[in-house]
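The values are calculated or read from the model by the stated rules, or taken from the named source; none is laboratory data. All values derive from a computational prediction rather than experimental measurement. Methodologically, a virtual Cβ is constructed for each residue, glycine included, from the backbone with ideal geometry; neighbour enumeration extends over all protein chains shown.
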């Protein structure tokens, strides 16, 4: 069928009949799907974005899924060593909620870290022996020790820090940024996700990089290791690039005709996705082939760097994507959920992540990219200072702890060699400069030149934003 004959001539009776049916269908679709029939232009971000001059052009978020133990890595608490095995004072806990995994414990013995801490850098930043490589970059990093969240379990906590809500369905941070600022490279997605291959731990759901109620072309695109970095991107046997182009041109005409008829914004989103996929057929294989990287780069990132899909290899790929102008690059590394045998398993996690994380900062810096790239390292909440299960002199586990945790940021617009916030001597409560999840998100948006209170999207009669209804910029960590 010729697509130009898509609209046939109609009698007056047919026109009125279809009009009535169309109004009924429109009403029903509005009840079933509030986005259906909504004009794409009605929710387009105002074209004065960014709202002001940004410090950061892009973000690389190294998300450590499962929640690293702050007092074993960055938050030095010598009192916990002195009180090893003693009960957590009731005056410290203050009746705060516990997870179901330790709520039945009758004893909460304090477990100070088994790992040594030393001061590093110009500011004398305390760092664990577990992270010797990150200890060398402390002069470029800002540590935040006063993060806190309301979520006490992994799924809502990870969803909260990634989307601004504990409940599924909201757009991820990368989707918000892609929607507001767009892409600087038409041949690659603006929001790309990399997961460490073969890691067990808490499940990672696609909604963590989903578009929520934003147009679907703003969802994160997952790159995988192996022959096909993006699933279903390559042409099947017998289809060459010319055939694919002809097919897409015809499909686009049909979809544009359909859009003129029903005005569904997802049709335009689908057209944009098809066109991006076509361009990615050339750009993705070239981008994901790191074989041309010099030996000194592989040596910088560590022994895993030559193995596709490892955290180290993904850090190299993140730098390559940053060079190509990708706006938001999200790395996920699972395995930090250490309820038992923490000393054993945290060593393994640090062997996989410490050198590549530090190397990424060094690599970006030597290329002049750190000045306009924001790098973030951290998980969804902290760990308890008391042992989950039996405590011994050489072993302990730690449960979830939302009241305080640590992360670090580096690069564009962030103070160097700086530590912000403070926990009590037990690393249990924040006692100085608390930073809520929405404060953290507001600060990231600010560095990208976005006023988080003005950047909204109307959905189901309400204007939503990443930071929901509160959140303040943490100005003290800004350079």
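Summary table below
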read-out: Candidate set from the range 365-405 (those that are part of a helix (DSSP H, G or I) and without any contact (Cβ under 8 Å) to a residue 60 or more places away in the chain); member that is nearest to residue 146 (Cα to Cα); value: 371
read-out: Options 407, 370; residue that is over 24 Å from residue 153 (Cβ atoms) and modelled with pLDDT of 95 or more; value: 370
read-out: Criterion (closer than 21 Å to residue 186 by Cα, in contact with a helix residue (DSSP H, G or I) (Cβ under 6 Å, 6 or more places away or on another chain) and in contact (Cβ under 8 Å) with a residue 40 or more places away in the chain) met by exactly one of 312, 272; value: 272
read-out: Pairs where the first residue, in the range 164-189, is without any contact (Cβ under 8 Å) to a residue 24 or more places away in the chain and the second is surrounded by fewer than 22 Cβ atoms within 10 Å (Cβ to Cβ), C-beta under 8 Å, 6+ apart; value: 166/150; 166/151; 166/156; 167/156
read-out: Unique residue being touching a residue at least 60 places away in the same chain (Cβ under 8 Å), out of contact with any helix residue (DSSP H, G or I) (no Cβ under 8 Å at 6 or more places or on another chain) and within 23 Å of residue 384 (Cα to Cα) when the list is 145, 154; value: 154
read-out: Residue among 235, 187, 211 that is touching a helix residue (DSSP H, G or I) at 6+ places or on another chain (Cβ under 6 Å), at pLDDT below 85 and on the phi < 0 side of the Ramachandran plot; value: 235
read-out: Residue tally, condition assigned to a helix (DSSP H, G or I) and surrounded by fewer than 22 Cβ atoms within 10 Å (Cβ to Cβ), over the range 157-210; value: 3
read-out: Hits in the range 277-309 (condition: in contact (Cβ under 8 Å) with a residue 40 or more places away in the chain and either touching a strand residue (DSSP E or B) at 6+ places or on another chain (Cβ under 9 Å) or within 20 Å of residue 64 (Cα to Cα) (or both)); value: 280, 284, 287, 288, 301, 302, 304, 305, 308, 309
read-out: Residue in the range 457-467 that is farthest from residue 172 (Cα to Cα), counting only those that are surrounded by 15 or more Cβ atoms within 10 Å (Cβ to Cβ) and out of contact with any strand residue (DSSP E or B) (no Cβ under 8 Å at 6 or more places or on another chain); value: 459
read-out: Per-region count, the range 65-120, residues under 31 Å from the mean Cα position of the chain (by Cα), exposed (fewer than 14 other Cβ atoms within 10 Å of the Cβ) and part of a loop (DSSP other than H, G, I, E, B); value: 5
read-out: Test: residue 473 is over 20 Å from residue 168 (Cβ atoms), in contact (Cβ under 8 Å) with a residue 60 or more places away in the chain and either surrounded by 14 or more Cβ atoms within 10 Å (Cβ to Cβ) or touching a helix residue (DSSP H, G or I) at 6+ places or on another chain (Cβ under 8 Å) (or both); value: no
read-out: Among the candidates 343, 356, residue that is assigned to a helix (DSSP H, G or I), buried (at least 17 other Cβ atoms within 10 Å of the Cβ) and without any contact (Cβ under 8 Å) to a residue 60 or more places away in the chain; value: 356
